[in-house]
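The next block holds one structure in the form of structure tokens; read it before the comments.
Bear in mind these aren't lab numbers, they're just calculated from the coordinates by the rules spelled out. Keep in mind that what you see is a predicted model, and the values were worked out from it rather than measured. As a convention, Cβ positions derive from the backbone with ideal geometry for all residues, glycine included, and neighbour counts pool all protein chains shown.
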Amino acid sequence: MEPIIHIENVHKRFGEVHALRGVSLDVYMGEVVVIIGPSGSGKSTLLRCINRLEEYDDGRIVVDSIPLDSAQDINAVRQEIGMVFQSFNLFDHLTVMGNLVLAQRVVRKRSSDEAQRVALDLLGKVGIPDKANAYPIQLSGGQQQRVAIARALAMNPKIMLFDEPTSALDPEMIKEVLDVMLALANDGMTMVVVSHEMGFARAAAKRIILMDEGQIIEEATPEKLFTSSSNERTQRFLSKVLQQ
Amino acid sequence: MAKQSEPSRARSKLTHLPVVGPIARMDPWWWLVVIVIGLIIVLVTVRADPFWDILLFVRDGIIVTVIITVTSFLLVLIVGMFGGLGRLSQKPIIYGLSSLYVEVVRGIPLLVQLIWWYFAFPTVIQQIGRWLNIAALANYQANAIVTAIVGLVVCYGAYMSEIYRAGIQSIPKGQTEASRSLGMTRFQSMRHVILPQAIRVILPPVGNEFIALLKDSSLVSVVAVADLTRRGREFMATHFNPIEVWTLIALLYLVMTLFSARMVTRVEKKTHYER
């Protein structure tokens, strides 16, 4: 089977910093891959390369059979890749409904009625159907992040990328976001998630990727990684994370 | 946890805070507008000679000042937007041209610019016309009001470009990333996400520019435009009463600027409240 995301020996430098040092990774349709690793290990950078929010310097990334470096129209590729950010990045000047409708209208060219129908349906799915007319600032962090997930899903993407989606949330709100993500995973969405939520990784991930210093140092199923990893760096990282 | 996003969330909460008190009560500065208007009415009625005569004489000047200010300002809003976007362009030519425009124009006094547009520019056009043998250009005559508006727009457009640029840059990068990740083009992202938010940010400085433009419009009196200031000078030339003329003119400008300032504050509060 052809992977839907194919990453091959990707390098990325920020000036002196060599953020990605030859990363290769394949993600298959319907798979949930969780990327973990200490801060500065390059996991967010790798994620952002997948929809070319970050340009990579060397290597090859193919998404849905389209090579990113020669993509004529990166916007067409991005329509198929939803992205959820650590800081939500909702459009503050628009209501929740406006946030969900905007890209459907201007990118997917849907009618206003259809876009609103899709939006309401998704707001129901993420558990906040009554907030359609609220402004982002009136919502809690957990609600904002669920709106952000719904906004990405409204484009009917084939892939969802999550960049530390719960790191900016107060502890009591983390679960409501993870529950939405878990439901999405159970629906068969292809997901690449950068997160330190080991509970989520254990429950949803088909594979866990551990990165350190710009490289993938281990790749395993959750059971194997948590119970019988022989890698010394993995054990050191896990012991730190699981202590919290 | 949450180190990156906390400050930005806290800040946006502050700016979004609804302003309840001042809106409910009348803005006390309105009283200053009322007092100045009252002062003018008292002067005009109690000492109709010369104040009533002056007011009648400069009446059309007030209209010219308002027309020039409002027209210029609307054009400045458009020029400034393109200038500001140009200053943020990644294309070196567009960035270079818009930066050159801003830097050159900001470095020349407005009065000198106005004089240049009125006295030098038509001659340049005429010479080009003679050179190319185009009669329409060779016989070009400057229209005073049009020239005044061009001069004001070119100058204030440069100032406004910088305000737009700062406003656009103040919108967090995440907004662009979110819209681009949804598949929007650079233009769509600017048009639907960045500019609407930037415009709210720049509203206060833009309002100040309007007031500054209103005051600076008095400079057009040197290029044969019969605005409020020039009408005052014309009245002076025949009646020789500087105290009365210039006091009344000053009060008339003051009414207009105070009133504009109140309107700017109102619009600001309203947009904050509705957020």
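In the structure displayed, which of A:LYS158/A:LYS206; A:LYS109/B:LYS173; A:LYS175/A:LYS206; A:LYS12/A:LYS175; A:LYS43/A:LYS240 lie more than 23 Å apart, Cα to Cα? Checking Cα-Cα distances, A:LYS109/B:LYS173; A:LYS12/A:LYS175 exceed 23 Å. Evaluated at q = 0.09, 0.12 Å⁻¹, the base-10 log of the normalised Debye intensity for the protein assembly as shown, with identical point scatterers placed on the Cα atoms, takes the values -0.79, -1.10. Compared with the dominant Cα axis of chain B, that is its longest principal axis, helix B:242-274 is turned about 20°. Is chain B best put as rounded, prolate or oblate by its Cα gyration tensor, with a ≥ b ≥ c the root eigenvalues, rounded for a/c under 1.5, and otherwise prolate when a/b is larger than b/c, oblate when not? Since a/c reaches 1.5 but b/c is at least a/b, the shape of chain B is classed as oblate. For B:LYS215, a cut-off of 16 angstrom between C-alpha atoms picks up these aspartates and glutamates, skipping any fewer than 8 places away in its own chain: B:ASP227. By the scheme Lys and Arg +1, Asp and Glu -1, what is the net charge of all other residues having a beta-carbon under 15 Å from that of B:THR71? So the surrounding residues net to -3.
In order along the range B:157-165, phi translates into HN-Hα couplings of x, 5, 4, 5, 4, 5, 5, 4, 4 Hz, rounded to whole numbers, per the Karplus curve 6.51 cos²θ - 1.76 cosθ + 1.60 with θ = phi - 60° and x for Gly and Pro.
For chain A, set up a Gaussian network in which alpha carbons nearer than 10 Å are linked by springs, and say which option among A:MET160, A:MET97, A:MET181 fluctuates the most. Maximum among the listed residues: A:MET97. Among rounded, prolate and oblate, which fits the range B:98-182 when a ≥ b ≥ c are the square roots of the eigenvalues of its C-alpha gyration tensor, a/c under 1.5 means rounded, and a/b larger than b/c means prolate? Prolate, since a/c reaches 1.5 and a/b exceeds b/c. Between the alpha-carbon centres of the range A:44-103 and the range B:66-94 there is a gap of 31 Å.
Near A:GLY124: Cβ cut-off under 13 Å, other residues only, Lys/Arg at +1 and Asp/Glu at -1. The net charge is +2.
Setting aside same-chain residues fewer than 8 positions from B:LYS269, which aspartates and glutamates have a Cα under 20 Å from its Cα? Excluding near neighbours in sequence, the set is A:ASP92, B:ASP27, B:GLU209.
If you fit an axis through the alpha-carbon atoms of helix B:48-87 and take the longest principal axis of the Cα set of chain B, what angle between them do you get, 0 to 90°, nearest 10? It works out to around 30 degrees. Here's how it looks for A:ALA19: its modeled amide H is under 5 Å from those of A:LYS12, A:ARG13, A:PHE14, which are all 5 or more places away or on a different chain.
Mean per-residue shielding of peptide A:63-76 is 1, counting Cβ atoms of other chains within 10 Å of each Cβ. Close amide H contacts of A:VAL84 (hydrogens built in the peptide plane, cut-off under 5 Å, sequence separation of 5 or more or a different chain): A:LEU161, A:PHE162, A:ASP163. Measuring between their Cα centroids, the range B:105-166 and the range B:235-259 lie 29 Å from each other.
Remark on the range B:180-275: hydrodynamic radius 16.6 angstrom, per the Kirkwood mean of 1/r across alpha carbon pairs. Report, in degrees rounded to the nearest 10, the 0 to 90 angle that the Cα long axis of helix B:121-132 makes with the longest principal axis of chain B. Approximately 80 degrees, to the nearest 10. Within the range A:144-224, the ratio Rg/Rh, alpha carbon atoms throughout and Rh by Kirkwood, equals 0.96. Take the Cα radius of gyration of chain A and divide it by 2.2 N^0.38 Å, N being the number of residues; the result is 1.01. Highest-first packing order for the peptide set A:166-176, A:32-42 is A:32-42, A:166-176, based on the mean count of other beta carbon atoms within 10 Å. Distant-in-sequence amide contacts of A:ILE216, defined by a placed amide H-H separation under 5 Å and a gap of 5 or more residues or a different chain, comprise A:SER24.
Over chain B, Cα pairs under 8 Å with separation of 6+ residues give a relative contact order of 31 percent.
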